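Read the structure below first, then the notes.
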Amino acid sequence: MQPRDVVEKWVDAFNRADVEDLAALYSNDAINHQVPESPVEGRKAIAKMFASEFSRVKMVCLVENLFQDGDWAILEWRDPDGLRGCGFFQVRDGLIVRQRGYWDKLSFLRQHGLPIPTE
């Protein structure tokens, strides 16, 4: 599977909030670094992160652009409320080995009525 194909499957599983299908797309030692947060290492920890986030809010990823360059796929996305971001997925042997996501955490928290950190 090409990186672009993996990210298309990732978007589908994300929009279904399917933690099991999402986790299956990551290598055992993958790193997911959503830049507003600390990196999460390992498939099990990544699954736990998704389960936690999906239990707090409904999230939807609408693809604006999806590009591929070598073993990287680049996803530009938005949600129905206007939040925008981009994600970079490094894929080897059909599995995500590294992911970085860039988005505005403060806007996300406000949109979902979540507590705003004071620090």
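The values are calculated or read from the model by the stated rules, or taken from the named source; none is laboratory data. Here the structure is a predicted model, which means the values were calculated and not measured. Every residue, glycine as well, gets a Cβ built from its backbone with ideal geometry; the counts of neighbours run over all protein chains shown. Ligands, DNA and RNA are stripped out before the accessible areas are found, and what is left, the full protein with its side chains, is counted by its heavy atoms. Shrake-Rupley method; radii C 1.70, N 1.55, O 1.52, S 1.80 Å.
Here are the numbers:
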quantity: Residue that is surrounded by the most Cβ atoms within 10 Å (Cβ to Cβ), among those in the range 65-119 that are touching a helix residue (DSSP H, G or I) at 6+ places or on another chain (Cβ under 9 Å) and of a type in the set (Asp, Glu); calculated: Asp79
quantity: Condition broken by Gln99, with the remaining ones in (1) modelled with pLDDT under 95; (2) assigned to a strand (DSSP E or B); (3) polar (S, T, N, Q) satisfied; calculated: (1)
quantity: Selection count where residues are small (Gly, Ala, Ser) and open to solvent by less than 50 Å² (accessible area, probe 1.4 Å), scope the range 52-64; calculated: 0
quantity: Matching residues in the range 51-69 - criterion: being over 12 Å from Val11 (Cβ atoms), in contact (Cβ under 8 Å) with a residue 12 or more places away in the chain and not charged (D, E, K, R); calculated: Ala51, Phe54, Val57, Phe67, Gln68
quantity: Extreme residue, most open to solvent (accessible area, probe 1.4 Å), among residues of the range 1-50 that are among the small types (Gly, Ala, Ser) and in contact (Cβ under 8 Å) with a residue 24 or more places away in the chain; calculated: Ala17
quantity: Where a residue in the range 70-83 is farther than 13 Å from Asp104 by Cβ and its partner, wherever it lies, is assigned to a loop (DSSP other than H, G, I, E, B) and open to solvent by less than 60 Å² (accessible area, probe 1.4 Å), with Cβ under 6 Å and at least six apart; calculated: Pro80/Val60
quantity: Only one of Arg92, Arg100 that is closer than 19 Å to Ala24 by Cα, touching a His at 6+ places or on another chain (Cβ under 7 Å) and touching a residue at least 60 places away in the same chain (Cβ under 8 Å); calculated: Arg100
